[in-house]
Amino acid sequence: MKNYPSISDAEWIVIDVLWSRNPLTSTEIIEEVSKTNDWNPKTVHTLISRLVKKQAITAEKVGNFYSYYPNYTKEELSNYETKSFLQKIYNGSINMLLSNFLKEEKLNSKEIDELKQILKEKKE
């Protein structure tokens, strides 16, 4: 399995901005992040630096500024995070995860039909 970086919740917000549009400068990232968070710009700079250090994003010098872009797709990191969570909490058992979830959540008919279809396709 490919070695993916572990991304914190705060770092996820920053890289999510880059998934929606890239490359971006740190100023542009700060502008986007500030639309939903009241973080100090230094905090965002720290998060960007951490993501670069983890090699989740790349910094490329363009003139006097750095432009940043993600090294992984959202799907890649989402799949990694899901598998990591599944391993950590449910010892890798998708059955335990689904059982716990389905016991606690209410599903409408459409959602149940979608789950049935997914399971049917997995069986084939």
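Values in this text are rule-based calculations from the coordinates and carry no lab data. Bear in mind the structure is a predicted one, so any value in this text is a computation, not a measurement. Note that each Cβ is placed from the backbone with ideal geometry, even for glycine, and that neighbours are counted across all protein chains shown.
Shown is the FRET efficiency for Lys106 and Thr82, computed with R0 = 25 Å from the Cβ-Cβ distance and rounded to the nearest 0.05: 0.65.
Of Tyr72, Tyr90, Tyr80, the residue with the greatest mean-square motion in the GNM of the chain, using alpha carbon springs below 10 Å, is Tyr90. With θ taken as phi - 60° and the Karplus curve 6.51 cos²θ - 1.76 cosθ + 1.60 applied, the whole-hertz 3J(HN,Hα) list for the range 114-123 is 5, 5, 4, 5, 4, 5, 4, 5, 5, 6 Hz, x standing for glycine and proline. If I take all pairs of Cα atoms in the range 25-70, what percentage of them are more than 13 Å from each other? Across the range 25-70, Cα pairs with separations above 13 Å total 54 percent. For Lys42, list the lysines whose Cα falls under 20 Å from its own Cα; do not include residues on the same chain fewer than 8 positions away. Within reach: Lys53, Lys54, Lys61.
What label, among (1) 11, 32, 25, 21, 9, 1; (2) 13, 40, 27, 13, 6, 1; (3) 13, 42, 34, 11, 1, belongs to P(r) over Cα pairs in 10 Å bins from 0, in percent computed from the structure on display? Here the calculated entry is (1).
Remark: the range 74-123 carries a charge dipole of roughly 200 debye about the Cα centre, counting +1 on each Lys and Arg Cβ and -1 on each Asp and Glu Cβ. Along the range 94-104 the Karplus relation, 6.51 cos²θ - 1.76 cosθ + 1.60 evaluated at θ = phi - 60°, assigns HN-Hα couplings of 5, 4, 5, 4, 5, 4, 4, 5, 5, 5, 9 Hz to successive residues, with x for each Gly and Pro.
Taking other C-beta atoms within 10 Å as the exposure proxy, Glu32, Glu114, Glu121 rank Glu121, Glu114, Glu32 from fewest upward. Note on Lys35 and Asp9: with the Förster distance fixed at 22 Å, the Cβ-Cβ geometry gives a FRET efficiency of about 0.80. Go through Trp12, Pro41, Asn100 and say which Cα lies farthest out towards the positive end of the charge dipole of the chain; charges sit on Cβ, +1 for Lys and Arg, -1 for Asp and Glu. Highest projection toward the positive end goes to Asn100. Taking the chain as a Gaussian network of alpha-carbon nodes connected by springs under 10 Å, the highest mean-square fluctuation of the residues Asn79, Asn95, Asn64 belongs to Asn64. Within the listed set Asp16, Asp113, Asp38, the residue fluctuating most in the Gaussian network model of the chain (springs between alpha-carbon atoms under 10 angstrom) is Asp113.
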